[in-house]
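Data block below; observations after.
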């Protein structure tokens, strides 16, 4: 019975992943549609920094943002994410990696309040507008990009969606050494994981964008 339930869980996960993720072909098509565009800023959702190193997901999102920056598709990068599951503010860690990869610090912005994907986009958008940016896009992996597409359109139909093209990331990282960053000074001593602060249903509500705080960037 346990094996059967595990198998069902795997099948359900695979179904949700592939049905809620852009295909490689669709991601490339969406990228090609904006290849000649220029955004004022792209919002890059955070990922927990754990085990003293960036994860594959964090690395992918940071490299994708750097790729778009180097191509001139965006003038600025906004990393978004608070200290959610680990004692490091995700935006600050990702900003250090971005700087180490060659993004000018004057083109890096940090949104440090978001604890869920919907908040990454919503707070990032609010902060970008406060800074005076007009052309704004979300840049993330294909799964998160598709997951947030409808939510983005509710915020502002003009928000661009630029899902990661994995072939481009593979080309960049092929002969690249992972940069070293001084992350220890960023550690929050009074950190409490969201899993200890909030119950499952409250976290699910936040993931669905039902716990947005108004006025953070007024």
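Every listed requirement among (1) touching a strand residue (DSSP E or B) at 6+ places or on another chain (Cβ under 8 Å); (2) at pLDDT 95 or above is met by residue 30 save one, (2). Selection of the range 18-38 for residues being outside any helix (DSSP H, G or I) and out of contact with any helix residue (DSSP H, G or I) (no Cβ under 8 Å at 6 or more places or on another chain) yields 35, 36, 37, 38. A single member of 132, 102, 160 is within 24 Å of residue 33 (Cα to Cα) and modelled with pLDDT of 95 or more, and it is 160.
State whether the residues of the range 157-177 include one that is closer than 30 Å to residue 199 by Cα and part of a helix (DSSP H, G or I). Checked the range 157-177: no residue is closer than 30 Å to residue 199 by Cα and part of a helix (DSSP H, G or I).
Does residue 119 fit the bill of being buried (at least 24 other Cβ atoms within 10 Å of the Cβ), modelled with pLDDT of 95 or more and over 16 Å from residue 163 (Cα atoms)? Yes, satisfied. Take the residues in the range 181-204 that are touching a residue at least 12 places away in the same chain (Cβ under 8 Å) and in a loop (DSSP other than H, G, I, E, B), then tell me which one is surrounded by the most Cβ atoms within 10 Å (Cβ to Cβ). Only one residue tops the list, namely 181. Do we have any residue at all in the range 94-113 that's out of contact with any strand residue (DSSP E or B) (no Cβ under 8 Å at 6 or more places or on another chain), within 23 Å of residue 198 (Cβ to Cβ) and part of a helix (DSSP H, G or I)? Scanning the range 94-113, I find no residue that is out of contact with any strand residue (DSSP E or B) (no Cβ under 8 Å at 6 or more places or on another chain), within 23 Å of residue 198 (Cβ to Cβ) and part of a helix (DSSP H, G or I), so the answer is no. Taken over the range 69-83, the residue count meeting the criterion of being surrounded by fewer than 23 Cβ atoms within 10 Å (Cβ to Cβ) and in contact (Cβ under 8 Å) with a residue 60 or more places away in the chain is 1.
The values are calculated or read from the model by the stated rules, or taken from the named source; none is laboratory data. What you see is a predicted model, and the numbers here were worked out from it, not measured in a lab. FYI the Cβ positions are ideal-geometry reconstructions off the backbone, even for glycines, and counts take in every protein chain you see.
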